[in-house]
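Read the structure below first, then the notes.
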Amino acid sequence: MNKNMIKNKRKYLLFYLKTGGGHFAPASSLANYFKRHHSAGVEPVLIDGFTRTNRIVKNLIEEGYRNLQSKAKWAYEALYAFNKISLFARTSCFIVSKSSVKFIKEKIAEEKPEKIIILHFFLIEPVYEAVKKLKLSIPVFTIVTDPYTAHPMWFLRKDQRFIIFSEKLKRALSQRIPPDRLNVFPFILEEKFSQPIPASAIRRLKVEMGFDPGNKIILILGGGDGIPHGRTILERTIASKSGAGIAVVAGKNRSLYAAAKKLKEKHPDVPVKVYEFISFVYELLNISDVVITKGGASTIMEILILNKIPVVNNFIWEQEKGNIDFVEENELGIFERDISAITEAVGRLINDDEYYGKFINNIKRLGMKNGVADVAEFLFKTE
């Protein structure tokens with residue numbers, strides 16, 4: 001590619017934060033789509049909005065998010081609810097904006113983008129402030145990453161151009177946000193999730209990944225930090241003797257990884273695979289039949305779009321409540337906190353074909369679609 005072509009590329013800035021994977025994942029998926037399908041004309045630039053933010057603010061939000069979710073979920077839920085009060089929400093956004101706007105302004109001035117896409121509510125005010133200070137007139141879009149129950153902090157500024165992921169959320173916002181500001185699309189996933197791996201290739205893939213091609217597979221998957229009570233869930237799943245192969249992804253959770261390895265060694269007769277942080281979730285989901293997981297939107301959507309059954313044992317109240325309601329109301333999977341009941345439900349799904357088929361038929365009837373192409377093309381064509 002010659003220098004003139006590079007120079008003439010239009011830059012799209014995608015601003016995200018590292019508060020869990022739910023904000024970076026759609027940003028990365030969109031960036032990858034633009035690189036594959038619009039490489040001649042568009043250069044996506046992924047930007048962590050806290051790159052040069054005050055360290056105290058950065059750690060409080062990023063590390064605080066992880067620690068509270070994994071160690072004191074009740075405190076996170078209380079803080080989430082507290083910030084629904086307008087005064088506190090605006091104060092929080094003001095503090096974050098003051099500590100991040102300088103870097104964001106410098107980055108926008110440096111990159112000279114044609115369009116800006118925001119993927120975290122804490123970045124809305126600093127981005128708009130930076131654009132105003134630079135006296136720019138460019139399109140700015142906000143992608144609301146929570147599909148069903150979105151925090152009010154996304155909507156403190158009413159004049160945004162929103163991309164949302166459900167008609168349910170659009171109805172909930174109808175009294176607060178003008179309808180022409182709300183653009184509804186299917187949820188954004190990495191492009192490969194648009195199609196499952198063909199059934200004819202699943203047996204071969206199972207063998208390549210070390211599983212018996214004739215066995216069903218139970219996947220225990222909780223994202224980057226692993227799944228709460230993962231050791232107990234794995235122990236009970238092994239003890240249930242369902243006859244299925246078992247895969248557990250511990251992510252960055254070292255204690256879960258070590259405990260899972262010990263359980264595997266203790267039960268050599270049960271086919272168990274233990275993974276840390278992996279890059280082949282797509283392949284692992286494709287060969288699985290039932291997935292024990294948390295209530296995060298990205299993981300739930302990845303499971304369902306590949307026609308697998310989620311069994312959810314944990315979710316963040318209100319923030320992820322809509323995801324659980326979606327699964328339960330449409331009978332797409334099971335929510336159960338009690339670990340004994342989880343393993344019983346999973347055992348029935350593995351061994352009762354009629355029961356399993358009911359959920360699979362409901363998932364297929366819904367006809368879920370990956371929204372990455374639709375959203376990317378909308379962003380590309382909209383001025």
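When the stretch 178-221 is limited to residues that are of a type outside the set (Phe, Trp, Tyr), in contact with a Lys or Arg (Cβ under 9 Å, 6 or more places away or on another chain) and closer than 16 Å to Val274 by Cβ, the one that is surrounded by the fewest Cβ atoms within 10 Å (Cβ to Cβ) turns out to be Gly210.
Of the residues screened, Glu344 is not one that is closer than 30 Å to Ala31 by Cβ, surrounded by fewer than 16 Cβ atoms within 10 Å (Cβ to Cβ), modelled with pLDDT under 95 and among the charged types (D, E, K, R). Can you say whether Ile233 is touching a residue at least 60 places away in the same chain (Cβ under 8 Å) and either more than 25 Å from the chain's Cα centre (by Cα) or assigned to a loop (DSSP other than H, G, I, E, B) (or both), as far as the supplied structure shows? It is false that Ile233 is touching a residue at least 60 places away in the same chain (Cβ under 8 Å) and either more than 25 Å from the chain's Cα centre (by Cα) or assigned to a loop (DSSP other than H, G, I, E, B) (or both). Taking the stretch 222-263 as the range and being open to solvent by 40 Å² or more (accessible area, probe 1.4 Å) and among the small types (Gly, Ala, Ser) as the test, the residues that pass are Ala239, Ser240, Gly243, Ser255, Ala258.
Please find, among Phe193, Phe211, Phe187, the residue that is under 18 Å from the mean Cα position of the chain (by Cα) and assigned to a loop (DSSP other than H, G, I, E, B).
Phe187
Kindly evaluate Val274 against the criterion of being buried (at least 24 other Cβ atoms within 10 Å of the Cβ) and part of a strand (DSSP E or B).
In short, no.
Scanning the stretch 335-367 for residues that are over 17 Å from Gly230 (Cα atoms), in contact with a strand residue (DSSP E or B) (Cβ under 6 Å, 6 or more places away or on another chain) and outside any helix (DSSP H, G or I) turns up nothing. Residues in the stretch 11-38 that are modelled with pLDDT of 95 or more and either open to solvent by 30 Å² or more (accessible area, probe 1.4 Å) or more than 20 Å from the chain's Cα centre (by Cα) (or both): Lys11, Tyr12, Asn32, Lys35, Arg36, His37, His38. Checking each residue in the stretch 159-176 for being open to solvent by less than 70 Å² (accessible area, probe 1.4 Å) and farther than 22 Å from Lys115 by Cα picks out Ser166, Leu169, Lys170, Ala172, Leu173, Ser174.
List every residue pair whose Cβ atoms lie under 8 Å apart, where the two residues are 6 or more positions apart in sequence or sit on different chains, the first residue falls within the stretch 86-112 and is at negative phi, and the second residue, located anywhere, is among the small types (Gly, Ala, Ser) and part of a helix (DSSP H, G or I). If the second residue must be among the small types (Gly, Ala, Ser) and part of a helix (DSSP H, G or I), the pairs left are Val101/Ala130; Ile104/Ala130; Lys105/Ala130; Ile108/Ala130. Of all residues in the stretch 286-318, which are among the aliphatic types (A, V, I, L, M), modelled with pLDDT of 95 or more and surrounded by fewer than 21 Cβ atoms within 10 Å (Cβ to Cβ)? Leu306, the sole residue that qualifies. When Met153 is tested against (1) in contact with a strand residue (DSSP E or B) (Cβ under 6 Å, 6 or more places away or on another chain); (2) more than 25 Å from Ala373 (Cα to Cα), only condition (1) is not met.
The values are calculated or read from the model by the stated rules, or taken from the named source; none is laboratory data. On a predicted model such as this, the values are computed, not experimentally measured, just so you know. For neighbour counting, all protein chains shown are included, and Cβ atoms are generated from backbone atoms with ideal geometry for every residue, glycine included. Side chains are part of the model used for accessible areas, which takes the heavy atoms of the whole protein and leaves out ligands, DNA and RNA. Shrake-Rupley method; radii C 1.70, N 1.55, O 1.52, S 1.80 Å.
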